[in-house]
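Novice: Okay, here's the structure, questions in a sec.
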Amino acid sequence: MKKIIVIGGSLSKTSINKQLATYASTLVNNVEVKILDLNDYEMPLYSPEREDLNGQPKEAKDFVNEIKNADGIIISLAEYNGSYTAAFKNTFDWASRVEVKTFQNKPMLLMATSPGARGGQNVLAAANNRFPIHAANIVAKFSLPSFGDNFENGKITNNELYNQLLAQIKDFENAL
């Protein structure tokens, strides 16, 4: 059985992006799912001096190992001020020091959601441009606008958006 990891790009315990990514993982057939919580990978802010002085944190190595041991990645990124959250960016910065090809060419479903109508489009664009430099094999993308209006009781309620997600899930499954 294939193994996928799920990442919500926020430290929030009630992260809407973690909810979306977790939900998307339930739509993927015949996979074992492991949900990663960024709270389990808290590290000091990255700086070359910290790395020279203390080396790379165990949490960064553990994060990269989770990616290495997976067959695919579902990630939904929270958008703060038009970009990644500081928590995700710091985890990504440290992980890229452990392994520059951070995403290991694993098939990735890249997603974002937000309370607003744009559904995290800025952070999706940033990740879509940056992640391939770190060996992300982005095979599917999805944006869920207006989370509060379109996601209730653990699922997407808008049929058009649900069908869009299913099409992206199919592409992701085919790439696994």
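Novice: Work out Dmax and Rg for region 36-89 from the C-alpha atoms and quote the Rg first, both in angstrom.
Specialist: Gyration radius and largest Cα-Cα distance of region 36-89: 12.8, 34 Å.
Novice: Right, another one. Under 8 Å for C-alpha pairs, at least 6 residues apart: give me the relative contact order for the chain, rounded to a whole percent. Please report the intermediate quantities before stating the final value.
Specialist: Working: 338 pairs, mean separation 41.6, N = 176.
Answer for the chain is 24 percent.
Novice: So which GluC sites (Glu not before Pro) in region 1-73 are both in a DSSP loop and have at most 14 other Cβ atoms within 10 Å of their Cβ?
Specialist: Details: sites: GLU32, GLU42, GLU49, GLU51, GLU59, GLU66; in loops: GLU42.
Of the GluC sites (Glu not before Pro), the ones in loops of region 1-73 whose Cβ has at most 14 other Cβ atoms within 10 Å are GLU42.
Novice: What percent of all Cα-Cα pairs in region 123-171 falls into each 5 Å bin, going from 0 up to the bin containing the maximum distance?
Specialist: Result, from short to long distances: 5, 18, 23, 19, 18, 11, 5, 0 percent.
Novice: Could you please rank GLU173, GLU79, placing first whichever residue has the fewest other Cβ atoms within 10 Å of its Cβ? Please report the intermediate quantities before stating the final value.
Specialist: Details: GLU173 20, GLU79 23.
Ordered from fewest to most neighbouring Cβ atoms within 10 Å, GLU173, GLU79 come out as GLU173, GLU79.
Novice: In what sequence do MET1, MET111, MET43 fall when counting other Cβ within 10 Å, fewest first? List each step's numbers first, then the result.
Specialist: Numbers: MET1 6, MET111 26, MET43 18.
Taking fewest neighbouring Cβ atoms as first place, the list is MET1, MET43, MET111.
Novice: As a quick test, which of the pairs LYS3/LYS106; LYS68/LYS101; LYS106/LYS141; LYS61/LYS141; LYS89/LYS170; LYS13/LYS58 have an alpha carbon distance above 18 angstrom in this structure?
Specialist: On the way: LYS3/LYS106 11 Å; LYS68/LYS101 10 Å; LYS106/LYS141 14 Å; LYS61/LYS141 27 Å; LYS89/LYS170 28 Å; LYS13/LYS58 22 Å.
Beyond 18 Å: LYS61/LYS141; LYS89/LYS170; LYS13/LYS58.
Novice: What does the convex hull of the Cα atoms of region 1-104 come to per residue, in Å³, rounded to a whole number?
Specialist: On the way: hull volume 9.9 nm³, N = 104.
Once divided by residue count, the hull of region 1-104 is 95 Å³.
Novice: Hey, what angle do you get for helix 121-130 against the long axis of the chain, alpha-carbon based, 0 to 90 degrees rounded to 10?
Specialist: Once rounded, one gets 50 degrees.
Novice: Find the eigenvalues of the gyration tensor of the Cα atoms of the chain, then list the square roots of 5 times those eigenvalues as equivalent ellipsoid semi-axes, largest first, in whole angstrom. Display every interim value, and only then the final one.
Specialist: On the way: eigenvalues 138, 65, 37 Å².
They are 26, 18, 14 Å, listed from largest to smallest.
Novice: Sort out for me the Cα centre separation of region 9-42 from region 95-133, rounded to whole Å.
Specialist: After rounding, the separation between the Cα centres reads 14 Å.
Novice: Please get the size of the charge dipole for the chain, origin at its Cα centre, with Cβ charges of +1 on Lys and Arg and -1 on Asp and Glu, quoted in debye to the nearest 20. Write down the numbers at each step before the final one.
Specialist: Numbers: 18 positive and 19 negative charges, 52 e Å.
Here the size comes out at about 260 debye.
Novice: Once the Cα atoms of helix 86-98 and of the chain are each reduced to a long axis, what angle between those two axes, in degrees from 0 to 90 to the nearest 10, is obtained?
Specialist: Helix 86-98 sits roughly 60 degrees off the main axis of the chain.
Novice: For helix 159-175, what angle does its Cα long axis make with the longest principal axis of the chain, in degrees from 0 to 90 and rounded to 10?
Specialist: 50
Novice: Taking only the Cα atoms of region 61-159, how large is their convex hull per residue, in Å³?
Specialist: On the way: hull volume 10.5 nm³, N = 99.
Each residue corresponds to 106 Å³ of Cα convex hull volume.
Here, each number is a calculation from the coordinates, and none is a lab measurement. Quantities reported herein were computed from a predicted structural model and do not represent experimental measurements. Positions of Cβ are generated from backbone atoms using ideal geometry, with glycine treated the same way; all protein chains shown enter the neighbour counts.
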